[in-house]
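The values are calculated or read from the model by the stated rules, or taken from the named source; none is laboratory data. Just so it is clear, the structure is predicted and the values come from calculations on it, not from any experiment. Every residue, glycine as well, gets a Cβ built from its backbone with ideal geometry; the counts of neighbours run over all protein chains shown. These accessible areas exclude ligands, DNA and RNA; they are computed on the full protein's heavy atoms, side chains included. Shrake-Rupley method; radii C 1.70, N 1.55, O 1.52, S 1.80 Å.
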Amino acid sequence: QVQLVESGGGLVQPGGSLRLSCAAAGNIVSVRTMGWYRQAPGKRRELVAALNAAAETTNYADSVKGRFTVSRDNAKNTVYLQMSSLKPEDTAVYYCNAHVMTFSNRAYTSGNYWGQGTQVTVSS
C-alpha cells in the first residue's frame, strides 16, 4: 500500500556532505512521524533523526547532533536528511521510516513503513 523510495547515498570523504531523500507514495491519507535510521555491519539499527508531522518536534541521536539536519516537505510526503562533517563511523545503510495512515477498502489503517535502505560510506 505504501512505498518509501530513498535516494542520495554514496561514497564521500571524511568531512564531506550528503543529502538523503525519501518519498512516500501510495494510498496515503496522512504521514505522521518521518525519520531516518541506520545500521552498520554487526550493529543494531539505530535512530538517526525523526520529526513529527508539523516538523515541530525533532529527535536526533547524540552522535549526529550539530552535524545532521532532518526536514520534510509535507506536500510531497518527503523527508530529507542533510549530513555534514561526515565521519567514518557514520558509514552504514540508512533506512527511511514513516508512520502513515492509509485508506483502502473503506477503512483507515495506520502502519509503520520502511524504505529499502541506501548505503552511505565515509572513507578516504
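Quick notes on this structure:
- Protein heavy-atom accessible surface, 1.4 Å probe, per residue over the chain: 53 Å².
- Straight-distance candidates among the lysines for linking to Lys87, with alpha-carbon spacing under 24 Å and chain neighbours fewer than 8 residues away dropped: Lys43, Lys65.
- Relative contact order (percent, whole number), the chain, Cα cutoff 8 Å, 6+ residue spacing: 36
- Each label point was placed 7 Å from the Cα along the Cα-to-Cβ direction; for Ser17 and Gln1 their separation is 3.8 nm.
- Estimated inter-spin distance, Ser63 and Ser124, nm [label 7 Å along Cα→Cβ]: 2.1
- Apportionment of accessible area to carbon and sulfur, the stretch 44-124, percent (1.4 Å): 45
- Ranked packing of 8-16, 26-34, most packed first, by mean Cβ within 10 Å: 26-34, 8-16
- Zone of Arg106's modelled label, taken as backbone nitrogen in the stretch 22-55 under 20 Å from a point 7 Å along Cα→Cβ: 27-29
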